[in-house]
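The values are calculated or read from the model by the stated rules, or taken from the named source; none is laboratory data. Since the structure is predicted, the reported quantities are computational estimates derived from the model, not experimental observations. Note that we place each Cβ from the backbone using ideal geometry, even for glycine, and neighbour counts take in every protein chain shown.
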Amino acid sequence: MTLSELAAARTSASAAVLADQGLSSDELEALLDGMRGRLQEMRDSIRRGLASDAASRTGMVGWNAKTLWEADDALESPLVRRVQAYAMAVNEENARMGRIVAAPTAGSAGTVPGALIGVADHLGLDDDALVHPLVLAAGIGEVISKTMFIAGSTGGCQAEIGSSAAMAAAAVTELLGGDAAASVHAAAMALMNSIGLVCDPVGGYVEVPCVSRNAFFAVHAVASAQLALAGLRSVIPPDEVVQAMASVGRMLPPELRETGEGGIAATATGRRIALELAR
């Protein structure tokens, strides 16, 4: 199934994703049970991340989620703070070698739970409402992965965090009542505005800028959902957006694809930290 075909579905987007799998009733129930389990794992990583200020092995991160969660909300925007804190909580758990759900990768694991669970908790929705949107997120990731490998080493961070933002945007849109077209166009807008993002982890560790990047792109996903729910659509067809991302990913030089030789990682401070960690 392509994104265009998914957008044209007369059912919800998640129902179309499930129908495309051709599952028996037993297989379908097993899949949904699996998604419920993934949701619980996501919630557990959020809970642990918000409660801990233990540093990662490198000492670069570990306290960001807890600090934000407990700080005064200067902007009086509880949804934004919740989404950001949830996203960073997951990625800091990853940096501490805790159990997380790759969505679609470990480096981008905070975006989907940050956006989806963050919005649900803000609105007081239970996890039953999240199961099908999470199915849709997985379906969006599957479609993207057929065109471009979802890894920073192959396509830059746009392939990781861009894909996770697209997945989260579609999921949040469906959670909030959006139809298939709105969900897919939310994904397209999230991905479109991630194109060109390089993968530049300091010292080669998935910590800086990765942890805060998940916070930013979880909010990015929610913003994309809000645009789509208001009736905005991607001028460029969703499938062409994915193709554009893949094309840019192939153009990126190796220095900008997870080698730690470009971007933030190549700054004077980034190189100094890398040398210190190597010692």
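Descriptive notes on the structure:
Table: residues versus (1) in contact (Cβ under 8 Å) with a residue 24 or more places away in the chain; (2) farther than 19 Å from Gly139 by Cα; (3) more than 18 Å from the chain's Cα centre (by Cα).
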residue: Met189; (1), (2), (3): yes, no, no
residue: Leu197; (1), (2), (3): yes, yes, no
residue: Asp200; (1), (2), (3): yes, yes, no
residue: Val206; (1), (2), (3): yes, yes, no
residue: Pro209; (1), (2), (3): yes, yes, no
residue: Ser224; (1), (2), (3): yes, no, no
residue: Gly262; (1), (2), (3): yes, yes, yes
residue: Ala278; (1), (2), (3): yes, yes, yes
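- Any hit, the range 210-219, residues being more than 27 Å from Ala89 (Cα to Cα), modelled with pLDDT of 95 or more and of a type outside the set (A, V, I, L, M, F, W, C): no
- Ala137 falls short on exactly one of the conditions (1) touching a helix residue (DSSP H, G or I) at 6+ places or on another chain (Cβ under 6 Å); (2) in a loop (DSSP other than H, G, I, E, B); (3) among the small types (Gly, Ala, Ser), and that condition is (2).
- Subset tally (residues that are in contact (Cβ under 8 Å) with a residue 40 or more places away in the chain and either in a loop (DSSP other than H, G, I, E, B) or out of contact with any helix residue (DSSP H, G or I) (no Cβ under 8 Å at 6 or more places or on another chain) (or both)) for the range 22-46: 2
- Whichever residue in the range 1-16 is assigned to a helix (DSSP H, G or I) and not aliphatic (A, V, I, L, M) and, among such residues, is surrounded by the most Cβ atoms within 10 Å (Cβ to Cβ): Ser14
- Considering (1) modelled with pLDDT under 95; (2) touching a Lys or Arg at 6+ places or on another chain (Cβ under 7 Å), the lone condition that Asp121 does not fulfil carries the number (1).
- Just one of (1) outside any helix (DSSP H, G or I); (2) surrounded by fewer than 18 Cβ atoms within 10 Å (Cβ to Cβ); (3) of a type in the set (A, V, I, L, M, F, W, C) fails for Ala19. It is (1).
- You will find that of Glu76, Glu92, Glu27, the residue that is at positive phi and of a type in the set (D, E, K, R) is Glu76 and no other.
Rundown of residues vs (1) among the β-branched types (Val, Ile, Thr); (2) more than 15 Å from Phe217 (Cβ to Cβ), yes/no style:
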site: Pro78; (1), (2): no, yes
site: Ile100; (1), (2): yes, yes
site: Gly114; (1), (2): no, no
site: Gly139; (1), (2): no, yes
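- Taken together, the residues in the range 120-148 that are more than 21 Å from Ala15 (Cα to Cα) and in contact (Cβ under 8 Å) with a residue 60 or more places away in the chain amount to 2.
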